[in-house]
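Below: one structure, written as structure tokens.
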Amino acid sequence: MDGPVTATVAFIGLGNMGLGMAANLAARGFAVQAFDLAEAALQRAEAAGCRPMAGAAEALAGAQAAITMLPAGAQVAAVWRETLFERAAPATLLIDCSTIDVETARALGAEAAARGFDAVDAPVSGGVAAAAAGTLTFMVGGPEQAFLRARPILSAMGKAVIHAGGSGAGQAAKTANNMLLAASMVATAEAFLLAQKLGLDPQRFYEIASVSSGQCWSMTSYCPLPGVGPESPADRGYAPGFAAALMLKDLRLAMDAARSVGARTPMGARAAELYEAFAADPDRARLDFSAIIRAIDEAA
Ligand code: NAD
């Protein structure tokens, strides 16, 4: 059973993801006190039913929970250490939904616990469309009690809320998942190009591989070839979706995490190299990550 639904939530970071998430909370009856450094983001949040606030500290007033959805670990650490730990009421539940490094997530979890806060890292799978539709998957790290408090709030923004383990475990799950996604996308692109060069029709190869042992999400939900399989960013000129620059960010986090624990990740490392080269061109960095198929095709 989920605990009582939290009434007032402070939401900090209303960008591509945060805006849709905050809007879903508001639509499901939460009072959302929203803050973003960008005025335009605040205005969009207001139009989506949130209450715009003058600062992160102001957003905390009377809130039972605070959510951060920020670009990276540096911003999350700054907001948590400078504002949440200092200005949140002691019973406030702290939730970070950003994608950040495991080390910072663990450190913030420990610091929150030392101050008596319930806190979780709760990164998401699913892009801007899933954030807007309220169909994200949340991978949650933190103590059981904090998870149970966070679940009804996260459920209002997603289709699945899974307790991954202790503090930082949500980020660990996210980093391993996205490394797998990158490697499988590269492999899917390679397989289609090979089949094509061997004379196969791509749609016919899709029909075979999608019911054979090579089947994977990168193929059957997100095929990198236009006109093959269900509609995907490839059919829209590789408009994201999930931008190559964001995939590169996640791969760098995965490589750092692997180094920190001495894990060997030969496929992940190769995928990271390929995305480093691809996203070095700013025009390509903005494309969906499935556009990596173009670089692989050129390399031949
Ligand atoms: P974004 O850049 O669109 O939004 C970040 C927002 O944070 C911006 O509006 C910015 O003004 C605001 N911000 C930065 N510092 C702030 C501060 N100190 N106080 C208040 N606001 C501040 O990023 P996004 O695409 O919404 O992604 C957010 C997080 O979600 C990232 O960690 C990203 O890796 C992760 N994520 C993104 C996607 C995606 O498809 N976009 C998918 C899964 C996870």
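The values are calculated or read from the model by the stated rules, or taken from the named source; none is laboratory data. For clarity, every value in this text was computed on a predicted model and none was experimentally measured. Neighbour counts are summed over all protein chains in view; Cβ atoms, including those assigned to glycine, are modelled from backbone coordinates with ideal geometry.
Output the residues belonging to region 98-129 that are in contact (Cβ under 8 Å) with a residue 60 or more places away in the chain and not acidic (Asp, Glu). Those that are in contact (Cβ under 8 Å) with a residue 60 or more places away in the chain and not acidic (Asp, Glu): Ser98, Thr99, Ile100, Val102, Ala105, Arg106, Val124, Gly127, Val128.
Per-residue answers, yes or no, for (1) under 20 Å from the mean Cα position of the chain (by Cα); (2) under 25 Å from Arg81 (Cα atoms); (3) part of a loop (DSSP other than H, G, I, E, B):
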| position | (1), (2), (3) |
| --- | --- |
| Phe11 | yes, yes, no |
| Asn16 | yes, yes, yes |
| Met21 | yes, yes, no |
| Ala26 | no, no, no |
| Gly29 | no, no, yes |
| Gln33 | no, yes, no |
| Gln43 | no, no, no |
| Glu46 | no, no, no |
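Being surrounded by 22 or more Cβ atoms within 10 Å (Cβ to Cβ), at pLDDT 95 or above and assigned to a strand (DSSP E or B) is a property that Met185 lacks. Among the candidates Ala254, Ala272, Ala263, Ala243, the residue that is more than 14 Å from the ligand (Cβ to nearest atom), of a type in the set (A, V, I, L, M, F, W, C), within 20 Å of the chain's Cα centre (by Cα) and in the same structural domain as Thr188 (by TED's automatic domain parsing) is uniquely Ala272.
Restricting region 156-182 to residues that are in a loop (DSSP other than H, G, I, E, B) and on the phi < 0 side of the Ramachandran plot leaves a set whose member that is surrounded by the fewest Cβ atoms within 10 Å (Cβ to Cβ) is Gly166.
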